[in-house]
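Participant: First the structure, then my questions, so here it is.
The values are calculated or read from the model by the stated rules, or taken from the named source; none is laboratory data. Just so it is clear, the model here is predicted, and its values are computed rather than measured. Reconstructed Cβ throughout: ideal geometry from the backbone, glycine too, with neighbour counts over all protein chains shown. Remember, those area values only see protein heavy atoms, side chains included, never the ligands or the DNA or RNA. Shrake-Rupley method; radii C 1.70, N 1.55, O 1.52, S 1.80 Å.
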Amino acid sequence: MKTVRTYSLEWLDSLVSVTLNPHKPYRSRLRAADIASLAEQLPEEVLQVRSELIDKVFALNKDSQVQHLVKKYHEALLSLQGLLAEYRNDATFNAPQLNGLDTKIAACLDDLLTFIKRRFGYYIGAEIKNADAAIPADIPPGQKERQPDHKQKILCTLSGDQIALILRGADEAQLLKARSMNAVFKSIVPFLSTEHREHLSPDSIRSKAYNPEEADREAAISALQAIIRKIQSY
């Protein structure tokens, strides 16, 4: 019996956000055999993600549920695509060492995005146009996204990973309402900085919300509990 994963993009997400991350130790440990094995697994992974998405869609009864699911896949893939592009512009990325693996991953992400657009485009409609134009869904056409200077930024004592978890939770709990989770991150993240980074990428931060480490989960929960205690004392 085929097992359907809860998060179908888990393997691809981990590959891009952890294994290929030039700022994490896993990248430096990759050997030629590892790279060849990962490249060989990519086509199988694409087929499995397609199959699992179709299975999940057919298991749903309401159009609103299907739309929510498809948009989550679409946004997650766009986020991984943006993160990979960010890595490739990093001087420490060393693409030649990957022997074309990054190019193959980019092609797989494109393949999955094209599949979703062709098969489920009805459910994301304008979202696709906005994403392809790199304009957040909540910003009117023709109006450029705001680029805050350092004086406008708010320092957050949480890490980027922890910010990602809180924003994802706020979006999915409907505390923040926008046309998409992508719009939430693009509207908020540019105005934040952390103790270690002044400029944060919305796509990079958003990608961290899907494969959290336990320490970041606990830190985010602790921060929210601190807010609760403050409110209770008012």
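Participant: Please identify, among Ser51, Ser17, Ser187, the residue showing maximal mean-square fluctuation in a Gaussian network model of the chain using a 10 angstrom Cα cutoff.
Facilitator: Greatest mean-square fluctuation among the candidates belongs to Ser51.
Participant: Would you kindly derive the ³J(HN,Hα) couplings of the stretch 114-124 from the backbone phi angles with the Karplus curve 6.51 cos²θ - 1.76 cosθ + 1.60 (θ = phi - 60°), listing them in order in whole Hz, with x for Gly and Pro?
Facilitator: For the stretch 114-124, the Karplus-derived couplings read 5, 4, 5, 5, 6, 8, 10, x, 4, 7, 10 Hz, x marking Gly and Pro.
Participant: Work through the residues other than Ser37 whose Cβ is under 15 Å from its Cβ and net out their charges, Lys, Arg +1 and Asp, Glu -1.
Facilitator: Details: positive: Arg29, Arg31, Lys104; negative: Asp34, Glu40, Glu44, Glu45.
With Lys, Arg at +1 and Asp, Glu at -1, the neighbours total -1.
Participant: A follow-up question, please. Roll a 1.4 angstrom probe over the protein heavy atoms and tell me the percent of accessible area of the stretch 22-93 that is carbon or sulfur.
Facilitator: Values: 2070 of 4010 Å².
Carbon with sulfur: 52 percent of the solvent-accessible area.
Participant: About the Cα centre, and with charges only on the beta carbon of Lys, Arg (+1) and Asp, Glu (-1), how big is the dipole of the chain? Nearest 20 debye, please.
Facilitator: Numbers: 31 positive and 30 negative charges, 103 e Å.
Taking the Cα centre of the chain as origin, the dipole is about 500 debye.
Participant: Please tell me which of these pairs span more than 25 angstrom C-alpha to C-alpha: Lys104/Lys186; Lys104/Lys208; Lys208/Lys230; Lys72/Lys186? Please report the intermediate quantities before stating the final value.
Facilitator: Values: Lys104/Lys186 27 Å; Lys104/Lys208 22 Å; Lys208/Lys230 27 Å; Lys72/Lys186 15 Å.
With Cα atoms farther than 25 Å apart: Lys104/Lys186; Lys208/Lys230.
Participant: Just want the answer: with Cβ charges of +1 for Lys and Arg and -1 for Asp and Glu, which residue in Tyr73, Tyr123, Leu113 is farthest toward the dipole's positive end in the stretch 57-127?
Facilitator: Tyr123
Participant: Please work out the FRET efficiency for the pair Val57 and Arg179, using the Cβ-Cβ distance as r and a Förster radius of 22 Å; give the result to the nearest 0.05. Intermediate values should be presented prior to the final figure.
Facilitator: Working: r = 21 Å, r/R0 = 0.94.
The pair Val57/Arg179 has a calculated efficiency of 0.60.
Participant: If you don't mind, another one. Quick check for you: with a 1.4 Å probe and neighbouring chains kept, what is the accessible area per residue of the chain, in Å²? Mind showing how you got there, number by number?
Facilitator: Details: 13530 Å² over 234 residues.
Spelled out: the 1.4 Å probe surface of the chain, per residue, equals 58 Å².
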